[in-house]
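Asks: Have a look at this one.
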Amino acid sequence: MVDKELLKNLPGDPGVYIMKDKTGKVIYVGKAKVLKNRVRQYFQNTERHAPKVAAMVSHVDTFEYILTDSELEALILECNLIKKYRPYYNILLKDDKNYPYIKVTTNEEYPRIRFVRRMQKDGAKYFGPYSGGTAVREAMDLACKLFQIPTCEINLPKDLGKKRACINAQIGRCCAPCEIPISKEEYNERIKEACLFLGGGATELLEKLTEEMNAAAENLEFERAASLRDKIGGIRQMEKKQKIVSDRHADEDVIGFYSQENRTFVEVFFIRSGRLMGRRDTVMTNTAGMTEGETASSFLKQFYQDADFVPQNIYVQYECEDEELLSSWLSEISGRSVKIRTPQRGEKKALVEMANKNAKQAALNFMLKNAEGRKGVKRLILDLKEELGLTSPPYRIESYDISNTAGEDNVGSMVVFVNGEPAKRYYRRFKIETAMGGDDYHSMAEMILRRLKHAREEEKQIETGELLKEKAKFLPLPDCIFLDGGKGHLSVISELLELTDTDIPLFAMVKDDKHRTAALLKSDGSRVGLKPRSEEFRLVSAIQEEVHRFAIEYHRNLRGKRMKGSALEAIDGVGRKTAEKLLMHFKSIGAVKNAEIEELKKAGVSRTTAENIYSHFRK
């Protein structure tokens, strides 16, 4: 029982409080600007507490506190104590990995390129973090190969010209300082170019190497010109692999979140010198009942507490709790100004949305893995059969969804789960042809009717020997159907199944106001009694997420193509078919824009049309 006198005499200073249970175990650590106000809140009006807070308070037997001189000191101490005790009721970050870096030992006379797991303040240059060891080694190998930097353990300058060169020198991958003495200046020029390459300065480096190549060719130094040409080619290949996300050569982290039940999945994009260098996904536990701002704040504190490197800008979707305080703390860690930003528009907002999408996909993967793995496929399917009231196990489940924008680019998706797992070879997409506007019911009916017709046709072809059973694309029929919709969808599709004499159990997956699975409805409109945290419910949620993802991807793809086509259709002489022909030939509107007249003619358009297109993009 918490001592009331202790509560009464709490000071009004900043500090950290430590909640303990009756065994003396630390169950929660928090910080406060004013200790007496924050701690007393836990033990007043307890009926208003969120379930998680109420559960924590019910287990508190006593507490301790540590006074600090400032709120910033309290934040730092809170981070350290959470890391030390890992209290049950704190949000905990499961990821505890050190990210790999490339280290260039510029603090040495003859620098080397190394793989390391931590940055140190030792005067060397570090590049990263990378998403994993493979990515680091690929970048290291290419840098050493392009700039002929030794990868062996030769002792420089001690062993200069004193040993026999290895195979790397013979195949042109090393400058062989062991056999052929190389000046410190020449060697360091190679290192300088490698650093420029690793640091994302490819444009500057390409310009420099191209000038050198042209000069070598003019001076008839053909071997050197060929070597420089190969370097340029290697750099361009590497550039294709690294997604350019910003014209600003800034170091930034972009963080996406997706919360589900008691977990929050997190995706971090590492942007270095304007390039997406790597990514990391992780999961936070015990986040139920927390606001987005609290979750984001807790993640930043744990993720960057022992980080080797903190970028100038950190982009998140939600405003963090104690954002100014967090920025001050991060600035203190990094030794420079660090800003936490919540972008509202532009490329940064798009990047945050992309990170959120990846976090959501990680959650989906987790659901699929756990729904199938913990209980076992057979048990899961048999339990789902009982919950749904089916006469046979739902080994094959089909789910359908519709996606459009105000009736435009109306499409449907069909996903198939076999034994509780997505069977992507059976996925199908449908362009809706007869439904007008955004009529979801008619669109859903058209899609399922077409699916059933294809199945009937295949059955006939199998009977006549025209089709092998294993080659069928729409057979077998499902054991049950899940619609992404509500009672209206159930009513329309129930009638369709009756008219086509098709006996397949039908259910609708209803979403809540946050667009997450809320319930499963039977064809009579009654709810299936799935427990929200059961593995059966997780499987239904995973199916709903997947069918929605598949539908919206197809819709966006079609809409993108249409928008590109409509941009071309604004040109004299270019109609829908010509626009499609051009995009089919050139693959992108950018390629059409850059094409010469003769190249445009090769796409099958007349000279007049080609001239119109050429002029349109050069006004």
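Asks: Here are some residues: Glu433, Glu421. Which one is closer than 20 Å to Ser541 by Cα, among the acidic types (Asp, Glu) and surrounded by fewer than 17 Cβ atoms within 10 Å (Cβ to Cβ)?
Replies: Exactly one residue qualifies, and that residue is Glu421.
Asks: Same structure, new question: I'd like to check something: does the stretch 292-305 contain any residue that is among the hydrophobic types (A, V, I, L, M, F, W, C) and either at pLDDT below 85 or under 14 Å from Lys348 (Cα atoms) (or both)? Write out each step before concluding.
Replies: Restricting attention to the stretch 292-305, the residues satisfying the condition of being among the hydrophobic types (A, V, I, L, M, F, W, C) are 296, 299-300, 303.
After this cut, where a residue has to be either at pLDDT below 85 or under 14 Å from Lys348 (Cα atoms) (or both) as well, the list is none.
Within the stretch 292-305, none of the residues are among the hydrophobic types (A, V, I, L, M, F, W, C) and either at pLDDT below 85 or under 14 Å from Lys348 (Cα atoms) (or both).
Asks: So how many residues does the stretch 10-26 have that are more than 10 Å from Glu71 (Cα to Cα) and either buried (at least 20 other Cβ atoms within 10 Å of the Cβ) or out of contact with any strand residue (DSSP E or B) (no Cβ under 6 Å at 6 or more places or on another chain) (or both)?
Replies: 10
Asks: Sticking with this structure for a sec: If I filter the stretch 329-355 down to residues being touching a Leu at 6+ places or on another chain (Cβ under 9 Å) and crowded, with 17+ Cβ neighbours inside 10 Å, which single residue comes out as farthest from Val268 (Cα to Cα)?
Replies: Looking at residues that are touching a Leu at 6+ places or on another chain (Cβ under 9 Å) and crowded, with 17+ Cβ neighbours inside 10 Å, I get Trp329.
Asks: Also, quick follow-up: Mind listing just one residue for me: the one in the stretch 195-234 that is in a helix (DSSP H, G or I), polar (S, T, N, Q) and at pLDDT 75 or above and, of those, farthest from Ile113 (Cα to Cα)?
Replies: Restricting to residues being in a helix (DSSP H, G or I), polar (S, T, N, Q) and at pLDDT 75 or above, the top hit is Asn214.
Asks: Next up: Consider the stretch 212-238. How many of its residues are closer than 17 Å to Ala194 by Cα and out of contact with any helix residue (DSSP H, G or I) (no Cβ under 7 Å at 6 or more places or on another chain)?
Replies: Matching residues across the stretch 212-238 total 5.
Asks: Across the stretch 305-361, what is the number of residues that are part of a loop (DSSP other than H, G, I, E, B) and farther than 24 Å from Ile76 by Cβ?
Replies: 4
Asks: Identify, from the list Lys487, Lys511, Lys522, the residue that is assigned by TED's automatic domain parsing to the domain that holds Ser403 and loosely packed, with under 15 Cβ neighbours inside 10 Å.
Replies: Values: Lys511 fails: loosely packed, with under 15 Cβ neighbours inside 10 Å; Lys522 fails: loosely packed, with under 15 Cβ neighbours inside 10 Å.
The conditions single out Lys487.
Asks: Let me ask something additional. Only strands (runs of 3 or more DSSP E) wholly contained in the stretch 434-548 count here; list those with 1 or more residues that are touching an Asp or Glu at 6+ places or on another chain (Cβ under 6 Å) and in contact (Cβ under 8 Å) with a residue 60 or more places away in the chain.
Replies: Fully inside the stretch 434-548 and qualifying: 480-484, 506-511.
Asks: While we're looking at this one, here's another question. Step by step: first the residues of the stretch 127-151, then only those that are over 17 Å from Thr106 (Cα atoms) and part of a loop (DSSP other than H, G, I, E, B), then the one that is modelled with the lowest pLDDT. Which residue is that?
Replies: Filtering first and then ranking leaves Ser131.
Asks: Now, a different point. Only residues that are in contact (Cβ under 8 Å) with a residue 40 or more places away in the chain and either touching a helix residue (DSSP H, G or I) at 6+ places or on another chain (Cβ under 9 Å) or farther than 21 Å from Ile91 by Cβ (or both): list them for the stretch 34-63, please.
Replies: Listed by number, the residues that qualify are Phe43, Val53, Val60, Asp61, Thr62, Phe63.
Asks: Determine, yes or no, whether Ala169 is surrounded by 12 or more Cβ atoms within 10 Å (Cβ to Cβ), of a type in the set (Gly, Ala, Ser) and on the phi > 0 side of the Ramachandran plot. I'd like the intermediate steps shown before the answer.
Replies: Numbers: surrounded by 12 or more Cβ atoms within 10 Å (Cβ to Cβ): yes; of a type in the set (Gly, Ala, Ser): yes; on the phi > 0 side of the Ramachandran plot: no.
Answer is no for this residue.
Asks: Could you please tell me which pairs satisfy a Cβ distance under 9 Å, a separation of 6+ or placement on different chains, a first residue in the stretch 327-347 that is under 17 Å from Asn80 (Cα atoms) and of a type in the set (A, V, I, L, M, F, W, C), and a second residue that is loosely packed, with under 14 Cβ neighbours inside 10 Å and at pLDDT 90 or above?
Replies: Close Cβ pairs satisfying both conditions: none exist.
Asks: Gln120 - would you say it is closer than 30 Å to Asp306 by Cα, modelled with pLDDT under 80 and not aromatic (Phe, Trp, Tyr)?
Replies: yes
Asks: Of the residues Phe309, Phe299, Phe366, which single one is closer than 20 Å to Ile82 by Cα and outside the structural domain of Glu204 (by TED's automatic domain parsing)?
Replies: After applying the criteria, what remains is Phe299.
Asks: I've got another one for you. Any idea which of (1) closer than 30 Å to Phe507 by Cα; (2) in a loop (DSSP other than H, G, I, E, B); (3) not assigned by TED's automatic domain parsing to the domain that holds Glu495 is the one Val605 doesn't satisfy?
Replies: With (1) closer than 30 Å to Phe507 by Cα; (2) in a loop (DSSP other than H, G, I, E, B); (3) not assigned by TED's automatic domain parsing to the domain that holds Glu495 applied to Val605, the lone miss is (1).
Asks: Which of (1) touching a strand residue (DSSP E or B) at 6+ places or on another chain (Cβ under 6 Å); (2) outside any helix (DSSP H, G or I); (3) not aromatic (Phe, Trp, Tyr) is the odd one out, the single condition Leu558 does not satisfy?
Replies: (2)
Asks: Can you tell me which residues in the stretch 69-86 are outside any helix (DSSP H, G or I) and either within 30 Å of the chain's Cα centre (by Cα) or modelled with pLDDT of 85 or more (or both)? Please lay out each step first, then the result.
Replies: Within the stretch 69-86, the subset outside any helix (DSSP H, G or I) is 69-70, 86.
Matches in the stretch 69-86: Arg86 only.
Asks: Filter the stretch 31-67 down to the residues that are at pLDDT 85 or above and assigned to a loop (DSSP other than H, G, I, E, B), then identify the one that is surrounded by the most Cβ atoms within 10 Å (Cβ to Cβ).
Replies: Among them, the one singled out is Val60.
Asks: Given the conditions (1) modelled with pLDDT under 90; (2) in a helix (DSSP H, G or I), report the number of the one that Lys385 does not fulfil.
Replies: (1)
Asks: Please find, among Val592, Val540, the residue that is surrounded by 14 or more Cβ atoms within 10 Å (Cβ to Cβ) and either outside the structural domain of Ser399 (by TED's automatic domain parsing) or in contact with a Phe, Trp or Tyr (Cβ under 6 Å, 6 or more places away or on another chain) (or both).
Replies: Being surrounded by 14 or more Cβ atoms within 10 Å (Cβ to Cβ) and either outside the structural domain of Ser399 (by TED's automatic domain parsing) or in contact with a Phe, Trp or Tyr (Cβ under 6 Å, 6 or more places away or on another chain) (or both) holds for just one of Val592, Val540, which is Val592.
The values are calculated or read from the model by the stated rules, or taken from the named source; none is laboratory data. Predicted model only: the values in this text are computed from it and were never measured. Cβ: placed from backbone, ideal geometry, glycine included. Neighbour counts: every protein chain shown.
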